[in-house]
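None of the figures in this text is laboratory data; all of them are computed from the coordinates on show. Just so it is clear, the model here is predicted, and its values are computed rather than measured. Cβ placement follows ideal geometry from the backbone for every residue including glycine, while neighbour counts extend to all protein chains displayed.
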Amino acid sequence: MDTIASLFSFITTPVSWIIVQFHKVYGALFGDDSGWAWGLSIVSLVVLIRICLIPLFVKQIKSTRNMQVLQPKMKAIQERYKNDKQRQSEEMMKLYKETGTNPLSSCLPILAQSPFFFALYHVLSSIASGKKIGAINQDLLDSARQAHIFGAPLAAKFTDSVEKVTSLDASLTDVRIVTAIMIVLMSASQFFTQRQLMTKNVDLTVKTPYMQQQKMLMYIFPVIFAVMGINFPVGVLVYWLTTNVWTMGQQMYVINQNPTPGSKAQDAYLQRVLKSVTSHGEVRGRTRRKMVKAIVAKGSDRNDIERKFITGLGKLGLAAQEDGTVAKSEAAVADAEGSQAHRRQQPKRQTKAKRQTAGPATAGAKATESEAAGSKTSLEKDAPQDSKPKSAGKSASGSSRQAKSGQRKGPQRPKHPSKK
């Protein structure tokens, strides 16, 4: 362990120095030996690291969305070259290059955090063992060993023995209760972060194996964190819980302000924009104007949610402009009314009682019509033949012959005497 720590001293020394600097600030407020001073120092370390990783997080979002869009094309390539793996790989790399997508970008934040996580783990392990490391001298080492968070030392683990926990001036029950609560919160935050990503910020029109993989990770990652968490010191659990909460809040902000096209989050976002336009008559905010500008640029490639938004603007007598603003337009109103007029209207389904009531009435109406037709026929038969003109009888007989099916119109050829 000492050999590994010495090899990675280039990262453990900066991490320990940052913790010491934050400890000086919080120690002046809560006391040098307070668990809050050391705990908040670790939290501040997480915040500082995550702020530095924001550019990588933006790349992760873009890469994830590009991967979602490319899934149908990737699946087509796999089916087309399923017997030629080399050609399949070449086509995949060509597709990534054309679209500017890097599959590893989605893992960049985790990979970038790994060295800091490793360094903090070794710093806390050295504190538990009573060894100086990096910028932590003997005085700071003694102060850190006395620091407790809710009765659990920063360097204690769930799997520690009674003797080791006692040497840190704590009880095994307190350590296991605190670590168990932190592990549950850590796993729950990870699950909720992945779940809101899958349920709100995913294009529902794209059904690919990638979606199933993300759904599996939603359940696998919390289990991995729970299993690994029992071997983490309390200080590392504080670090990991803080970074999970940060990720969850960051994900919520992205979902609300920059949702994935075609997702439920985009529908909710555009409804908020439409409500704001209804109230103020304009698109307020640079982010919202940027979203409207992107929708206008798509033209006929808009999804159903975006078409719904454009139609909603048309009902208000407004049309989205290329710069993301809206302007009054009579043509937009006509288009909105035309789309409503041409919309197919489904017949309203009647209740069972109405159908039963309408049944006898309809049957009675049909019976009345048949009776009227029968009486009309009988009257025509009973009418005297002399009352009809002779010329009319001749024309009627001719018209009756023409009405027969299979006969030609006009004067008919006389039949041969032998066929009479």
Using a Förster distance of 56 Å, the FRET efficiency for E90-R307 (Cβ separation, nearest 0.05)
0.90
What spacing in nm lies between the two simple spin-label points modelled at F10 and Q78, each 7 Å away from Cα in the Cβ direction?
3.8
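Tell me, what is the FRET efficiency for K24 and K275 to the nearest 0.05, using R0 = 45 angstrom and their Cβ-Cβ distance as r?
Details: r = 49 Å, r/R0 = 1.08.
Efficiency, from the Cβ-Cβ distance: 0.40.
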Ranked by how many other beta carbons lie within 10 Å on average, peptides 85-92, 285-292 from highest
285-292, 85-92
Quick one: Cα centre-to-centre distance for segment 169-185 and segment 6-83, in angstrom?
25
Paired Rg and Dmax values of segment 2-257, which use every Cα atom, in angstrom:
21.6, 68
Taking the Kirkwood radius as the inverse of the mean 1/r across Cα pairs, report the Rg/Rh of segment 107-266.
1.08
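For segment 264-340, what is Rg from Cα atoms divided by 2.2 N^0.38 Å, rounded to two decimals?
Numbers: Rg = 11.3 Å, N = 77, 2.2 N^0.38 = 11.5 Å.
Cα-based Rg divided by the globular estimate yields 0.98.
Among the listed pairs K24/K164; K293/K328; K97/K293; K264/K328; K59/K82; K24/K157, which have their C-alpha atoms separated by more than 20 angstrom in this model? All intermediate terms of the calculation are to be shown ahead of the outcome.
Working: K24/K164 28 Å; K293/K328 16 Å; K97/K293 26 Å; K264/K328 28 Å; K59/K82 31 Å; K24/K157 26 Å.
Those over the limit are K24/K164; K97/K293; K264/K328; K59/K82; K24/K157.
T173 to K215: FRET efficiency via 1/(1 + (r/R0)^6), r the Cβ-Cβ distance, R0 41 Å, to the nearest 0.05?
My answer for the efficiency is 0.60.
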